Amino acid sequence: MSSVNDTKLSHAAFILTGISGQENTHLWISVTFCVMYTITIVGNSFILFIVKTDPSLHEPMYIFLSMLATTDLGLSITTMPTILGIYLFNCREINLNACFAQLFFIHTLQCIESFMLLLMAFDRFIAICNPLRYASILTLPRIAMMGLVCVLRGVASMIPLPFLLKRFQYCRDNVLSHSYCLHQAVMQLACSDITVNNIYGLFITLATMGLDSLFILLSYVMILKTALSVASHAECLKALNTCVSHICAVLLFYTAEISLAVIHRYGLSSSHLLAILLGYVSLLVPPLMNPIIYSLKSKHLRGRIVRLFIK
């Protein structure tokens, strides 16, 4: 009887390991994460403040950027407190329900970010390929509807995940080799058949991020085709230059996500540390770098930031 109770008690929570084998460096790692967290919160909050307070930035491109910054803030707030709790205070235990809630928000926000990048690609496509109709196509009500669809798709796609995981019994080891909860990692600890979870996870990944990345690629094919047809070389470069920030954001997000998906599906056990590092990159680097990239490349944002600091 006591062994049964011990088993139930040990599986009332999962244990997060962080980067196992690097316990001696956890304090130094936590300093890096604290700096990243601070820059992420300040940078994305700056974007939201500047776009809200400057009427000249109330344009579709900057409204989409504000939506992206909000998503990045949510993603950072969802993951960073757990990570810092591990590295700063050695708080490794996470309740099952809290774990399921965290993985739901992580996957939902990643799905929303993917769709936001697609909407920003659509914005650039309309601006370059159909500039005369730009204002009539991307009206404020239509942008609000796109944002609502973006959120609803993310929530509807990921809401089955906690319920699919709740039906399992976790009779195996309750140690997660991450600093946060992910669907792929949690389902591996179940002692039940996880075929449905595997199929659903693959289907959702292909139906959301897979299709989004494909449409982004197609939009840039059309953008490049239109830009190259412009007679003036200077105008061609000017049109393509407006896409640089978005291309950097897309590469930051999808490179890590695709690499992580390949490792999870086909990687060997020797790739364990690489998978952990790529997980950190996919969750923490885009929210950190997106405001920096857009601030450096956007003359309007850069000028507004300079004026704010001068004041």
Here the cysteines of the chain without any disulfide-compatible Cβ partner under 4.7 Å are C34, C91, C111, C129, C150, C236, C243, C248
Relative contact order of the chain, please, whole-number percent, based on alpha carbon pairs below 8 angstrom and at least 6 residues apart. 26 percent
Can you bin the chain into rounded, prolate or oblate? Criterion: square roots of the alpha carbon gyration tensor eigenvalues sorted a ≥ b ≥ c, rounded for a/c under 1.5, prolate for a/b above b/c, oblate for the rest. prolate
When only C-alpha pairs under 8 Å and at least 6 residues apart count, what is the relative contact order of the stretch 166-311, in percent? 17 percent
Below 20 Å Cα-Cα, how many Lys pairs turn up in the chain? Only count pairs eight or more apart in sequence, or on different chains, if you could. 8
So for the pair C171, H58, with labels modelled 7 Å out along Cα→Cβ, what separation do we get in nm? 6.2 nm
Which net charge results when you count Lys and Arg as +1 and Asp and Glu as -1 among the other residues whose beta-carbon is under 10 Å from that of M209? -3
The answer for the net charge of residues other than L240 whose Cβ lies under 13 angstrom from its Cβ, with Lys and Arg +1 and Asp and Glu -1, is +3
Listed residue (F33, Y200, L119) projecting farthest to the positive dipole end of the stretch 2-310, Cβ model: L119
What FRET efficiency, computed as 1/(1 + (r/R0)^6) with R0 = 41 Å and r the Cβ-Cβ distance, is obtained for I247 and N95, rounded to the nearest 0.05? 0.50
Label-point separation (nm) for I258 and L237, each offset 7 Å from Cα along Cα-to-Cβ? 2.8 nm
Sticking with the crude label model, points 7 Å out along Cα→Cβ, report the distance from L132 to I159 in nm, one decimal please. 4.4 nm
Using unit Cβ charges (K, R positive; D, E negative) and no other charged atoms, how large, in debye to the nearest 20, is the dipole of the chain about its Cα centre? 760 debye
Please identify which residues in the stretch 116-135 have an amide N closer than 12 Å to a label point set 7 Å out from the Cα of M222, following the Cα→Cβ vector. 121-131
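FYI, it's all coordinate maths here, none of it is from the lab. Since this is a predicted model, take the numbers as computed values, not measurements. Here Cβ is always computed from backbone atoms with ideal geometry, including for glycine, and neighbour counts include all displayed protein chains.
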